[in-house]
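The values are calculated or read from the model by the stated rules, or taken from the named source; none is laboratory data. Just so you know, these numbers come straight off a predicted model, no measurement behind them. Cβ placement follows ideal geometry from the backbone for every residue including glycine, while neighbour counts extend to all protein chains displayed.
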Amino acid sequence: MSRSAHPAGPRHADVLTEGHYSAPAADLNVLDEKVWARTVTRDEDGALTVGGIAVARLAEEFGTPAYFLDESDFRARCRAWADAFGPDADVFYAGKAFLSRAVVRWLKEEGLNLDVCSGGELTTALGAGMPAERIAFHGNNKTVAEIERAVEAGVGRIVLDSFQEIVRVAHIAQRHGVRQRVQIRVTVGVEAHTHEFIATAHEDQKFGIALADGQAAEAVRRALSLDGLDLVGIHSHIGSQIFDMAGFEVSARRVVQLLAEVRDEHGVELPEIDLGGGLGIAYTSEDDPREPHEIAKALSDIVTRECEAAKLRTPRISVEPGRAIVGPTAFTLYEVGTIKPLEGLRTYVSVDGGMSDNIRTALYDAEYSVALVSRTSDAEPMLVRVVGKHCESGDIVVKDAFLPADLAPGDLIAVPATGAYCRSMASNYNHALRPPVVAVRDGEARVIVRRETEEDLLRLDVG
Ligand SMILES: *Cc1c(COP(=O)(O)O)cnc(C)c1O
């Protein structure tokens with residue numbers, strides 16, 4: 001049976017209705033620098049290298065599947081964000097995208113702050129030496145124990161997410177004899193995802209306190225009245241993988257309106273405004289993310305303009321990119337296992353990982369790219385679906401992509417832009433062993449999160 005290639009597009013109606021792929025790239029061997037970490041290139045043998053090390057060597061030393069993270073790219077992105085926003089603004093890396101002690105040290109060295117949203121993330125941050133005042137604590141249901149630890153540690157801000165939490169944090173702070181710096185998270189009635197945003201009815205979610213019906217103004221009233229709280233600003237986070245700045249524009253305008261109301265009612269000008277994260281990255285060649293300096297300029301222009309109109313002093317802006325910093329810096333390396341061609345449809349390529357190391361495709365219908373990286377090939381492009389080894393037909397890593405038709409078991413393929421929300425959302429489904437994260441820099445590769453072992457799994461299973 002011959003494997004079917006689709007160089008000119010789909011042949012069958014069901015492929016048309018199911019797939020969302022464009023024509024294959026003119027040359028599948030070319031690595032689109034938009035989706036790959038900065039030091040990724042092919043060596044003279046055609047093998048992909050990162051930080052100067054070829055994937056065959058990485059696979060041999062660290063096994064597959066594994067995440068390889070380009071440390072110099074990560075650091076460069078941190079600096080780009082910090083430089084773009086400058087000394088009058090703050091950049092908080094959203095730790096939930098991917099956090100480890102090495103990452104905390106890089107952030108600290110590159111001058112970034114850090115968002116955490118659980119006791120585990122807080123412990124990691126503090127344990128790796130992030131100064132508490134550079135940590136912000138988020139979450140819609142922080143436990144009392146978590147709040148206690150955050151207050152005791154002296155975190156720079158707690159982002160209050162509900163009326164109960166306003167009282168809870170105030171009590172705990174008072175008991176510790178401190179005034180805790182806090183922001184209030186509001187929902188501005190905007191939800192943004194990728195190229196679209198919707199400006200009505202998105203108070204219908206678990207996070208934050210609604211602006212629309214005066215709830216946020218009431219939350220400010222209560223926070224200002226409590227001795228344990230030092231209310232320093234308003235926080236808003238509108239979505240994820242956003243390219244269009246229009247959602248931020250509406251969000252900033254509404255938050256500034258609240259700041260003006262607070263000034264009119266209480267005679268207080270809150271000094272900070274946090275516009276959240278959610279800035280998009282390129283997962284495929286079709287995505288066109290903006291550079292940090294463009295984003296910084298757009299956000300600062302919007303806030304400045306709105307504040308001038310409201311006759312407010314411009315507050316200190318903060319942002320919280322997670323994906324935009326770590327996402328593009330890593331790729332997942334897999335070994336091809338079985339290959340199942342379906343004549344006229346597509347070819348299923350099974351890899352040695354799957355939804356346990358990348359749940360985003362199953363969870364969000366996320367799009368990814370993939371490339372053959374252990375060698376180049378002049379074979380025709382074939383339409384593939386890259387799937388994992390789990391007992392679940394939704395176990396898809398890359399829904400629609402093209403790989404060379406001579407792909408064979410044992411080849412190494414890599415999925416770029418897996419730095420964010422892949423290792424951090426990884427699971428042990430089917431008792432899979434979560435893959436390691438290996439940092440690569442200047443010809444050296446170092447494990448920063450080791451691969452799980454069966455002993456790790458058995459240690460939790462206490463019989
Ligand atoms: C998830 C989250 C972020 C980071 O989102 P990215 O898409 O990774 O940039 C920032 N702030 C808050 C409050 C979040 O919940």
Requested in this report: Could you tell me whether segment 20-40 includes any residue that is in contact (Cβ under 8 Å) with a residue 40 or more places away in the chain, on the phi > 0 side of the Ramachandran plot and within 25 Å of the chain's Cα centre (by Cα)?
Outcome: no
Query raised in the report: How many residues does segment 82-122 contain that are within 14 Å of the ligand (Cβ to nearest atom) and not in a helix (DSSP H, G or I)?
Result: 17
Requested in this report: Within segment 120-145, count every residue that is touching a strand residue (DSSP E or B) at 6+ places or on another chain (Cβ under 7 Å) and basic (Lys, Arg).
Outcome: 1
Query raised in the report: Any idea how many residues of segment 156-178 are under 20 Å from ALA219 (Cβ atoms), assigned to a loop (DSSP other than H, G, I, E, B) and more than 16 Å from the ligand (Cβ to nearest atom)?
Result: 0
Report task. Could you check ARG346 against (1) closer than 22 Å to GLY46 by Cβ; (2) in contact with an Asp or Glu (Cβ under 8 Å, 6 or more places away or on another chain) and say which number it fails? Result -> (1)
**Report entry** Qualifying position, being closer than 19 Å to ALA252 by Cβ, buried (at least 22 other Cβ atoms within 10 Å of the Cβ) and touching a residue at least 12 places away in the same chain (Cβ under 8 Å), among LEU211, LEU114
**Finding:** LEU211
Query raised in the report: Within segment 21-36, can you find the residues that are of a type in the set (A, V, I, L, M, F, W, C), under 18 Å from ASP288 (Cβ atoms) and crowded, with 18+ Cβ neighbours inside 10 Å?
Result: LEU31, VAL35, TRP36
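Is it the case that some residue within segment 305-319 is part of a strand (DSSP E or B), away from the ligand (no atom under 16 Å from the Cβ) and touching a residue at least 12 places away in the same chain (Cβ under 8 Å)?
Narrowing segment 305-319 to residues part of a strand (DSSP E or B): 316-319.
Remaining after also requiring away from the ligand (no atom under 16 Å from the Cβ): 316.
In the following step, the residues that additionally are touching a residue at least 12 places away in the same chain (Cβ under 8 Å) were identified as 316.
The answer is yes, given that some residue of segment 305-319 is part of a strand (DSSP E or B), away from the ligand (no atom under 16 Å from the Cβ) and touching a residue at least 12 places away in the same chain (Cβ under 8 Å).
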Query - Single match in ARG181, ARG185, ARG149 (criterion: away from the ligand (no atom under 15 Å from the Cβ) and either in a strand (DSSP E or B) or among the β-branched types (Val, Ile, Thr) (or both)) - result: ARG181
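Among the residues in segment 134-146, are any away from the ligand (no atom under 16 Å from the Cβ), touching a Lys or Arg at 6+ places or on another chain (Cβ under 9 Å) and modelled with pLDDT of 95 or more? Steps first, answer last, please.
First pass over segment 134-146, keeping only residues away from the ligand (no atom under 16 Å from the Cβ): 143-145.
Now drop any that are not touching a Lys or Arg at 6+ places or on another chain (Cβ under 9 Å), which leaves 144.
This time we only want the ones that are modelled with pLDDT of 95 or more, so: 144.
There is at least one residue in segment 134-146 that is away from the ligand (no atom under 16 Å from the Cβ), touching a Lys or Arg at 6+ places or on another chain (Cβ under 9 Å) and modelled with pLDDT of 95 or more.
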**Report entry** Hits in segment 233-249 - residues which are aliphatic (A, V, I, L, M) and within 16 Å of the ligand (Cβ to nearest atom)
**Finding:** ILE234, ILE238, ILE242, MET245
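For SER374, indicate whether it is under 24 Å from the mean Cα position of the chain (by Cα), at pLDDT 95 or above and not in a helix (DSSP H, G or I).
On the way: under 24 Å from the mean Cα position of the chain (by Cα): no; at pLDDT 95 or above: yes; not in a helix (DSSP H, G or I): yes.
So SER374 does not fit the description; no.
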Query - Criterion violated by ALA216 - all others in (1) away from the ligand (no atom under 13 Å from the Cβ); (2) under 22 Å from TYR421 (Cβ atoms); (3) surrounded by 23 or more Cβ atoms within 10 Å (Cβ to Cβ) satisfied - result: (2)
Query raised in the report: Does GLN205 meet the test of being free of Cβ contacts under 8 Å to residues at least 40 places away in the same chain and within 14 Å of the ligand (Cβ to nearest atom)?
Result: yes
Report summary line: Going through segment 55-99 in order, the residues found to be among the acidic types (Asp, Glu), touching a residue at least 60 places away in the same chain (Cβ under 8 Å) and under 21 Å from ARG423 (Cα atoms) are GLU61, ASP70, GLU71, ASP73
Report task. Sort out which residues of segment 188-222 are under 18 Å from ASN141 (Cβ atoms) and not in a loop (DSSP other than H, G, I, E, B), and write them in order of number. Result -> ILE209, ALA210, GLN215, ALA219
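Residue by residue, here is whether (1) among the hydroxyl-bearing types (Ser, Thr, Tyr); (2) crowded, with 17+ Cβ neighbours inside 10 Å holds:
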residue	(1), (2)
ALA417	no, yes
ALA420	no, yes
HIS431	no, no
PRO435	no, yes
ALA439	no, yes
ASP442	no, no
THR453	yes, no
ASP461	no, no
**Report entry** Filter result for ALA25 (of a type in the set (Gly, Ala, Ser), within 20 Å of LEU383 (Cβ to Cβ) and at pLDDT 75 or above)
**Finding:** yes
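Return a yes/no flag: does segment 56-68 have any residue that is in a loop (DSSP other than H, G, I, E, B), surrounded by 19 or more Cβ atoms within 10 Å (Cβ to Cβ) and either out of contact with any Cys (no Cβ under 8 Å at 6 or more places or on another chain) or at negative phi (or both). Break it down into steps so the answer makes sense when it comes.
Just the residues of segment 56-68 that are in a loop (DSSP other than H, G, I, E, B), to begin with: 63-65.
After this cut, where a residue has to be surrounded by 19 or more Cβ atoms within 10 Å (Cβ to Cβ) as well, the list is 64-65.
The next check asks that each one be either out of contact with any Cys (no Cβ under 8 Å at 6 or more places or on another chain) or at negative phi (or both); those that pass are 64-65.
Yes; the residues of segment 56-68 include at least one that is in a loop (DSSP other than H, G, I, E, B), surrounded by 19 or more Cβ atoms within 10 Å (Cβ to Cβ) and either out of contact with any Cys (no Cβ under 8 Å at 6 or more places or on another chain) or at negative phi (or both).
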